[in-house]
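For reference, the structure is listed below as structure tokens.
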Amino acid sequence: MRRGRCTVGCLLALDVGEKRVGVAISDATQTLARPLMAIKRASKREDFEAIAQLIATYAVECVIIGMPWTMRGEEGPQARRVRRYAEALSATIDTPLAFQDERLSTVEAEQRLSMSSKRRSRDKGEIDAAAAAVILQDYLDGQRMKDE
């Protein structure tokens, strides 16, 4: 699996769930993350084709994958599933991958969405994409702190 630090261009983040993959994108300066969409999970082949299309469309330099570590910081069953998914994805794309801790990203995304609008009912895909944006923003902020 190609891994590395992503340093130029747009970044794509994935919040891999059992039913959907939340997707977020950064700006070209790698300053801000925004929710993009949610991919309804089908087969890995179909998932990976959709992700590859996004990589091509947005000229993505690196894919950030949220890792669902346990609250104790350990790799549990869900994190192992995500790692296997990432390894399979890596075999189908030439874009490097990096991992970012995603603990509580969905909770934070739901809180941000509830503060941004009076609308109560949220589409699950909207929450997944917002969670991917939280993951990506955390990654961007962490990289900026390392550079200072």
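Nothing in this text is a laboratory measurement; each read-out follows from the coordinates by a stated rule. Bear in mind that the values here come from a model prediction, so they are computed numbers and not experimental data. Glycine gets a Cβ as well: all are built from the backbone with ideal geometry, and neighbour counts include every protein chain shown.
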(request) Please give the contour-minus-distance gain from Thr70 to Arg41: 0.36 nm per residue of separation, less the Cα-Cα distance, rounded to one decimal in nm. (result) 8.1 nm
(request) Scan around Gln100 for amide H atoms under 5 Å from its own, H built in the peptide plane at 1.01 Å from N, and keep only partners 5 or more places away or cross-chain. (result) Ile65, Gly66, Met67
(request) Would you please give the FRET efficiency between Thr57 and Arg103, computed as 1/(1 + (r/R0)^6) with r the Cβ-Cβ distance and R0 = 41 Å, to the nearest 0.05? (result) 0.85
(message) How far apart, in nanometres, would the label points at Arg84 and Leu32 be if each is projected 7 angstrom from Cα along the Cα-to-Cβ direction?
(response) 3.9 nm
